[in-house]
Number of protein chains: 2
Amino acid sequence: MSHPHPELGPPPPLPAGGLRIVALGGLGEIGRNMAVFEYDGRLLVVDCGVLFPEPDQPGVDLILPDFEYIRDRLDDIEAVVLTHAHEDHIGAVPYLLRERADIPLVGSRLTLGLIESKLTEHRIQPVKVEVAEGTRRRFGPFECEFFAVNHSIPDALAVALRTPAGIVLHTGDFKMDQLPLDGRLTDLGGFARLGAEGVDLLMSDSTNSEVPGFVPSERTISPVIDEVFRSAAKRIIVACFASHVHRVQQIFDAAEENGRKVALIGRSMVRNMGVARELGYLRVPPGLLVDSREIEEWPPEDVVLICTGSQGEPMAALSRMANRDHPIRVAEGDTVVLASSLVPGNETAVNKVINGLTRWGARVIHKGNATVHVSGHAAAGELLYVLNLTKPSNFMPVHGEWRHMRAHAKLAALTGVPDDHIVIAEDGVVVDLVDGRARVTGAVQCGYVYVDGSSVGAVTDVALKDRRILGDEGFISVVVVVDSTTGKVTGGPEIYARGSGIEIEAFDSVIPLIESALEDTAADGVADLQQMRRVTRRIVGRWVSDTYRRRPMIIPVVVEV
Amino acid sequence: MSHPHPELGPPPPLPAGGLRIVALGGLGEIGRNMAVFEYDGRLLVVDCGVLFPEPDQPGVDLILPDFEYIRDRLDDIEAVVLTHAHEDHIGAVPYLLRERADIPLVGSRLTLGLIESKLTEHRIQPVKVEVAEGTRRRFGPFECEFFAVNHSIPDALAVALRTPAGIVLHTGDFKMDQLPLDGRLTDLGGFARLGAEGVDLLMSDSTNSEVPGFVPSERTISPVIDEVFRSAAKRIIVACFASHVHRVQQIFDAAEENGRKVALIGRSMVRNMGVARELGYLRVPPGLLVDSREIEEWPPEDVVLICTGSQGEPMAALSRMANRDHPIRVAEGDTVVLASSLVPGNETAVNKVINGLTRWGARVIHKGNATVHVSGHAAAGELLYVLNLTKPSNFMPVHGEWRHMRAHAKLAALTGVPDDHIVIAEDGVVVDLVDGRARVTGAVQCGYVYVDGSSVGAVTDVALKDRRILGDEGFISVVVVVDSTTGKVTGGPEIYARGSGIEIEAFDSVIPLIESALEDTAADGVADLQQMRRVTRRIVGRWVSDTYRRRPMIIPVVVEV
């Protein structure tokens, strides 16, 4: 997908009294959510998350929103509102704070608790502004009102922004569980009140807009978990997201009832549940938790392990158990529960884990064969409620790929939002809300910013293209040494190849071809290093293509001595 | 997954009167199906297919069964029985025939027609033995009886092998559509008769053993296709497998009824439908087909394109349309139908295609939002019928990953096959049927054989490991020239890097470190090239790791002049 819209140029200046909205991530992709609001020269940011790389972005650890648009305007930022503590909403905060450390972070108690413990690892002490549902707070020209929403992490918020340009409601991620485990409902009453007041623009979560109907309650999982505990002969191993406090609570409760001890495995699981417990979001029965290093001392039928790795991450404990590369040896009679969604892109990795565990005799329970997970995002039937209650004058689907944004736009049209009041934007597209109308007015730079190891932005799309070629075909390097005074070849050609699948002896047949081509080059006069490289590349490239029908990267190296 | 079972050694000699079964592919994976039967020193092969590579096998085109086990015994092969013409059952035949060209290929009329047209491209003229359901034919000691089975390609067969060791029924791939479009039912009556006679070993398709219930009839797709044709405003583009003759027939019929012209796009689609038409398996209404180069001359509302690329293959027409890299410009009002399964591993690629097409305004219909595909493999409910009708003394699940084989084994146990008469084997595991009992007796070599470009088996697991490192991290090459008489460095160090994400200027800081380390080496006496390489690798490796927290491949090159 191209970023930005190819046909869009830079936007005109924002008219006085207008509100500008630019998403630097999250539109056209699931991840790195970040929306920048501008009014009267001041900025408010909603969320600042990371995106996880796809197979054509090899070796990349994380992808950040492109901060270029705000880099010269960091001092204009009033605050960053964090709707909840999932990585795709908070993961890029450490990188933003590196550019300006004292940007206030606004969020609920748990959200701030989790981001703070994450920032500690980056040695950053953030400026925090705790807010709660049902309250209002002003940041520069932005009057923010917060609403409770229900999601797959506790304490999530939607935010309404009031400026003289109108009222914008940004839902954040939400679902509409009518019997949530913590009793905290999505505040539809608040949405209705806002709708009565007049919502000028609704920005709403599109993740499940293609899914018809309604998401079942988290409660529907409990009987399945009970059945797992009743029928498990040996160990129970549950993998879930390290932030799903309610899911972990359900496992804790079942373990307590069935007299099993629990060990938490995985750094993020231990860290997050520590925060959740401390802040009162997780109830830990006394004596339930056991150190994971001691878990092997208990009989298998008396323990539950709760671990990360539900997405098949190769370094996580679960993958290593599947590969028999972990102290815990999964065996006949063990039960493994993947109590999480299957994030698109992870299907192959998760399938490998399921096969590996099955091979060793474990029973594997996953969302494909039991209700051990419900989605955290409202489905089409529920999105219609929000559209009907808020009755927005303008609608902009967010948090989705094209398929999700288009489907959400159709739902909005069905509820009566006029087609020309529905704006589908990609990352970097500028949407201005002026005189009650939201319109696309241009686009700004918004590329992918890759984090690889300790460097941010140094790995470019050119490097990734090289990696794709190297990864698919390997390389062949030809080294030639040339005497700088005579222009004669005095060393080599020597050939080095990796990943090419060509045995080193096979290169014996191309070396004479290179030698004779280089002689021809030299015959033309003094050594032209550029020309020698070109000739070498051409000779070797043609030889590989003719002999092996392959196209490895060819790197001619001519060294002058 | 390890191949073979780590704990298994070479098998003992096969006792007289025993039947040996060794799968060289298809067990523990979906693909490269190939089973070798041995009786009295003679061999019969059932199927010879390819497996498509996974992300951790980069750059590989195809994976073949490992022929090593039969390489010295090619002359013992009586025949290769091909159950049907899908790539995972016939794709490796050209490679087997390269080793011995005159191995008879046994199959139904369409199966042989399709393999023959494929072999023509490899310039091989096969020895063909056409068989039909309800017939018997002897190949050496193997008395083969063929049964009609219903699948997602016409003319598929199951085969029963009779030897003095007993009766083995190999189902091939099958489903049990009770209202198939061509009226050709899976021969349950034949299976029952065989069951009454006594099936000593059942080898049955495990693909859908985890799927409860029954696969709907192909017929259920017709109303959905009709609705697509009725509601499509502009172009209709249907992507499906190039071998799914019935699916293509359904589109042809709907096009005829709605007065649309049809163009076939994709080499394999054109080739296979040509064969199917010629052999009478595909009815083409007169005047229906239009050359794909002329299709743009017709108004969009009068055409249907049928193309390959339903799995998101990047070079196929459909992906190129999604990327606006194809003469056919998908636009608002067009309808695209992905009338195929989503083969595991292709989720990300297909999602990209759906998003790309949606972005340009197309309505995309796929198995996730409409019944435009039904599986070609019997589900659990149907597999039980086969188990109950054949009443096998021994059972061996085939055609599946571990999860599928285990699930199928459970179904067999439920129907009364004793646990110790159920054999789950991996590729290369030797199963002997002796005195009416099937048992694992050992294992033989059975690795992955990679096809890459024109070479077979030259790309090894070592090369793939190099590719994975190169693909994730790139490489850094350091070239140093040494005078062979003085042992002094006379050229370099020069640094070449690709895909490392490190800017070339950054290397300025490591060059002095290399120089000084090499001087220290030289100070110890004459030039030790091995030692110079080691030192260079260590210095650069440590520098990259400390500075960037990355681990690119480091290639020190020391050239003597």
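The values are calculated or read from the model by the stated rules, or taken from the named source; none is laboratory data. Keep in mind that this is a model prediction, so the values were computed, not measured. Glycine gets a Cβ as well: all are built from the backbone with ideal geometry, and neighbour counts include every protein chain shown. The accessibility values were calculated without ligands, DNA or RNA, using every heavy atom of the protein model including side chains. Shrake-Rupley method; radii C 1.70, N 1.55, O 1.52, S 1.80 Å.
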Would you pick out the residues in the stretch A:133-162 that are of a type in the set (V, I, T) and open to solvent by less than 20 Å² (accessible area, probe 1.4 Å)? A:V149, A:I153, A:V159
I'm told A:V50 meets every condition in (1) among the aliphatic types (A, V, I, L, M); (2) touching a Lys or Arg at 6+ places or on another chain (Cβ under 6 Å); (3) open to solvent by 10 Å² or more (accessible area, probe 1.4 Å) except one. Can you identify the failing condition by its number? (3)
Give the stretch B:544-553 a look and list any residue that's more than 8 Å from chain A (Cβ to nearest Cβ) and surrounded by fewer than 21 Cβ atoms within 10 Å (Cβ to Cβ), or say none. B:S545, B:D546, B:R551
Could you please give the count of residues in the stretch B:336-356 that are more than 9 Å from chain A (Cβ to nearest Cβ) and farther than 18 Å from A:G312 by Cβ? 8
Taking the criterion of being in contact with an Asp or Glu (Cβ under 9 Å, 6 or more places away or on another chain) and crowded, with 23+ Cβ neighbours inside 10 Å, would at least one residue in the stretch B:501-524 satisfy it? yes
For residues that are β-branched (V, I, T) and crowded, with 24+ Cβ neighbours inside 10 Å, tally how many sit in the stretch A:165-206. 3
Condition test on A:R439, is it at pLDDT 95 or above and within 12 Å of chain B (Cβ to nearest Cβ)? no
How many of the residues making up the stretch A:5-25 are touching an Asp or Glu at 6+ places or on another chain (Cβ under 7 Å) and either polar (S, T, N, Q) or within 14 Å of chain B (Cβ to nearest Cβ) (or both)? 1
Mind checking whether some residue in the stretch A:442-450 is free of Cβ contacts under 8 Å to residues at least 40 places away in the same chain, at the interface with chain B (Cβ under 9 Å from one of its Cβ atoms), outside any helix (DSSP H, G or I) and crowded, with 19+ Cβ neighbours inside 10 Å? no
Give me the pairs: first residue in the stretch B:266-288 and in contact (Cβ under 8 Å) with a residue 40 or more places away in the chain, second residue among the β-branched types (V, I, T), beta-carbon distance under 7 Å, and six or more apart or on different chains, which are they? B:G266/B:T308; B:S268/B:T308; B:A276/B:V245; B:Y281/B:V245
Flag if A:G41 is surrounded by 24 or more Cβ atoms within 10 Å (Cβ to Cβ), in contact with a helix residue (DSSP H, G or I) (Cβ under 9 Å, 6 or more places away or on another chain), modelled with pLDDT of 95 or more and on the phi > 0 side of the Ramachandran plot: no
Looking at the stretch B:133-146, which of its residues are among the hydrophobic types (A, V, I, L, M, F, W, C) and closer than 16 Å to B:L110 by Cβ? B:F146
Residue check: is B:L414 away from chain A (no Cβ under 14 Å), out of contact with any Ser or Thr (no Cβ under 8 Å at 6 or more places or on another chain), without any contact (Cβ under 8 Å) to a residue 60 or more places away in the chain and surrounded by fewer than 24 Cβ atoms within 10 Å (Cβ to Cβ)? yes
Between B:V211, B:V248, which is closer than 18 Å to B:I153 by Cβ and buried (at least 20 other Cβ atoms within 10 Å of the Cβ)? B:V248
For the structure I just gave you, tell me whether B:V60 is open to solvent by less than 10 Å² (accessible area, probe 1.4 Å) and either farther than 25 Å from B:A349 by Cβ or not basic (K, R) (or both). no
Subset of the stretch A:451-460 that is open to solvent by less than 10 Å² (accessible area, probe 1.4 Å) and facing chain B (nearest Cβ under 8 Å) - its residue that is farthest from B:R498 (Cα to Cα): A:D452
Number of positions in the stretch A:162-195 that are in contact with a Leu (Cβ under 8 Å, 6 or more places away or on another chain) and within 20 Å of A:Q250 (Cα to Cα): 3
Quick check on the stretch A:485-525: of everything there that is in contact with a Gly (Cβ under 9 Å, 6 or more places away or on another chain) and within 11 Å of chain B (Cβ to nearest Cβ), which residue is farthest from A:G541 (Cα to Cα)? A:G491
Evaluate the stretch A:427-435: report whether one residue or more is on the phi > 0 side of the Ramachandran plot and outside any helix (DSSP H, G or I). yes
Restricting the search to the stretch A:270-306, which residues are at pLDDT 95 or above, within 25 Å of A:A233 (Cβ to Cβ) and within 30 Å of the chain's Cα centre (by Cα)? A:V304, A:L305, A:I306
Only one residue in B:L305, B:L384, B:L289 is aliphatic (A, V, I, L, M), open to solvent by less than 10 Å² (accessible area, probe 1.4 Å) and more than 11 Å from every other protein chain (Cβ to nearest Cβ). Which one? B:L305
Six or more apart or on different chains, Cβ atoms under 8 Å: show the pairs whose first residue is in the stretch B:189-202 and at positive phi and whose second is among the hydroxyl-bearing types (S, T, Y). B:G198/B:S393
On the basis of being on the phi > 0 side of the Ramachandran plot, open to solvent by less than 30 Å² (accessible area, probe 1.4 Å) and more than 9 Å from every other protein chain (Cβ to nearest Cβ), does B:G541 make the cut? no
A:V398: closer than 30 Å to B:S454 by Cβ, buried (at least 21 other Cβ atoms within 10 Å of the Cβ) and more than 9 Å from chain B (Cβ to nearest Cβ), yes or no? no
Being assigned to a helix (DSSP H, G or I) and open to solvent by 40 Å² or more (accessible area, probe 1.4 Å) is the filter here; which residues of the stretch B:273-286 pass it? B:R277, B:E278
